[in-house]
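Below: the structure, in structure tokens.
The values are calculated or read from the model by the stated rules, or taken from the named source; none is laboratory data. Here the structure is a predicted model, which is why all the values come from computation and not from measurement. We place every Cβ from the backbone using ideal geometry, glycine too, and count neighbours over all the protein chains shown. All accessible areas refer to the heavy atoms of the entire protein, side chains included, with ligands and DNA or RNA removed. Shrake-Rupley method; radii C 1.70, N 1.55, O 1.52, S 1.80 Å.
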Amino acid sequence: MKSAREMMHAGASCVQETETLMDAARLMGELDVGALPICGPDDRLHGIITDRDIVIKCLAKGKDPNHMTAGQLAQGKPVTVDAEAGADQVLATMQDHRIRRVPVIADHRLVGMISEADLARHLSEEQVGHFVETICATR
């Protein structure tokens, strides 16, 4: 069985919690990703920001992405998986929390991210199909 470390995209880039949402959006564009981990000055994971967060929680509310920071959107404790977690545990975590990407942690540090695309590359069609069905189901 594959581990999270084997499935993840290594070297995930963080946006610092003090950086603006405009900075986060630019970085997303440069990296061609829809989500970024938010890290604090301690270089530890403080949250995740998505392109949807920027649109819904900033732009749609008339706020300025040049002044609102990534840290202002980091709410609660982020859901993570340990780098040595098995594929079943990764899937269960993502399905239980209905998330499409999950940060991978080793020794209390961010080491990578697992997205739906990573699942599709490393798991069976049946596993991926069940995951998508679970995530897309209405509550």
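Which members of segment 105-139 meet the condition of being touching a His at 6+ places or on another chain (Cβ under 9 Å), modelled with pLDDT of 90 or more and of a type in the set (A, V, I, L, M, F, W, C)?
Hits for segment 105-139 are Met113, Ile114.
Applying the selection to segment 66-89, what residues are under 22 Å from Ala10 (Cα atoms) and of a type in the set (S, T, N, Q)?
Selection gives Thr80, Gln89.
Here's a check for you: in segment 53-88, which residue that is of a type in the set (S, T, N, Q) and touching a residue at least 40 places away in the same chain (Cβ under 8 Å) is nearest to Val128 (Cα to Cα)?
Thr69
Assess whether Ala106 counts as being under 23 Å from Ile135 (Cα atoms) and among the small types (Gly, Ala, Ser).
For Ala106, the condition - under 23 Å from Ile135 (Cα atoms) and among the small types (Gly, Ala, Ser) - is not met.
Failed condition for Ser124, given (1) under 14 Å from the mean Cα position of the chain (by Cα); (2) under 23 Å from Glu6 (Cα atoms), with all others met?
Going through (1) under 14 Å from the mean Cα position of the chain (by Cα); (2) under 23 Å from Glu6 (Cα atoms) one by one, Ser124 breaks only (1).
Residues of segment 120-139 being open to solvent by less than 30 Å² (accessible area, probe 1.4 Å) and either in contact with a Cys (Cβ under 6 Å, 6 or more places away or on another chain) or polar (S, T, N, Q) (or both), which ones?
Selection gives nothing.
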